[in-house]
Amino acid sequence: MSTPIDTKIKARVDEFVQELSVLIQAAALDAVQQAIAGVGALATRGGAKRGRPARAAAATTAAPRAAKKAAKKAAKKAAKKAAKKAGKRAAKKAGGRKGKRGRPAAAPDPAMAKKVVDALATAKDGLAISEIAKAVGAAKEAVSGTVAQLVAEKKIRRTGERRGTKYHAR
């Protein structure tokens with residue numbers, strides 16, 4: 001059931017929609033004509049300018065040049081960032097951090113390495129660094145480098161963390 005008011009409202013809405021579509025078509029046509037003529041937002045931005053008027057050809061070629069320059073700059077920045085990231089990854093894989101200071105690791109003494117492995121083989125529940133040092137009869141500092149090298153070579157295994165770290169024979 002349509003009341004006369006509903007009918008009038010529907011007629012006005014239809015009228016409004018039709019008028020709006022005509023205006024949108026006119027605006028689109030005008031934008032296309034301006035683009036073809038070469039008069040765009042770049043030539044008219046900022047209103048009237050002082051001095052010599054810009055040529056239409058220069059205004060249309062300036063936009064692609066600026067976009068190309070910006071794209072080139074962004075690509076260069078992305079490449080630099082990727083190279084930096086790849087360098088960090090390579091340094092990490094090589095076994096050290098970039099810029100790590102200190103004395104380079106000395107080659108482990110084979111006799112010390114054999115003593116450490118033998119001491120761990122006799123231990124049932126694994127040994128801490130200090131216990132390994134006592135068993136071998138050397139300083140903790142001397143043993144810790146050898147133990148780290150043996151872990152890296154997978155000749156012994158490590159369990160636990162921090163103060164609870166124990167080393168076991170494989």
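General remarks:
- Taking amide hydrogens as placed 1.01 Å from N in the peptide plane, the amide H of ILE156 sits under 5 Å from those of VAL151, each at least 5 positions away in sequence or on another chain.
- Cβ-Cβ FRET estimate between LEU23 and ALA66, R0 fixed at 41 Å, reported to 0.05: 0.80
- Between ILE36 and LYS10, residue separation times 0.36 nm minus the direct Cα-Cα distance comes to 5.4 nm.
- Of the cross-linked pairs LYS85/LYS155; LYS115/LYS166; LYS85/LYS154; LYS115/LYS155; LYS84/LYS154; LYS124/LYS155, those separated by over 24 Å at the C-alpha level are LYS85/LYS155; LYS85/LYS154; LYS84/LYS154.
- A crude spin-label estimate for the pair LYS76 and ALA111, with each label 7 Å from Cα along the Cβ direction, gives 6.1 nm.
- Per-peptide average of other Cβ atoms within 10 Å, ordering 110-117, 30-37 highest first: 110-117, 30-37
- Label zone at ALA138 (point 7 Å along Cα-to-Cβ), backbone N below 11 Å, region 107-129: 107-117
- Segment THR122-GLU153, extension gain: residue separation times 0.36 nm, minus the distance between their alpha carbons: 9.2 nm
- Summary of packing: across the peptides 135-146, 12-23, the per-residue average of other C-beta atoms within 10 Å ranks them, highest first, as 135-146, 12-23.
Where a number appears in this text, it was derived from the coordinates with a stated rule and is not lab data. Please read these numbers as outputs of a predicted model, since none were measured by experiment. A quick note on method: Cβ atoms are made from the backbone with ideal geometry, for glycine too, and the neighbour counts reach across all protein chains shown.
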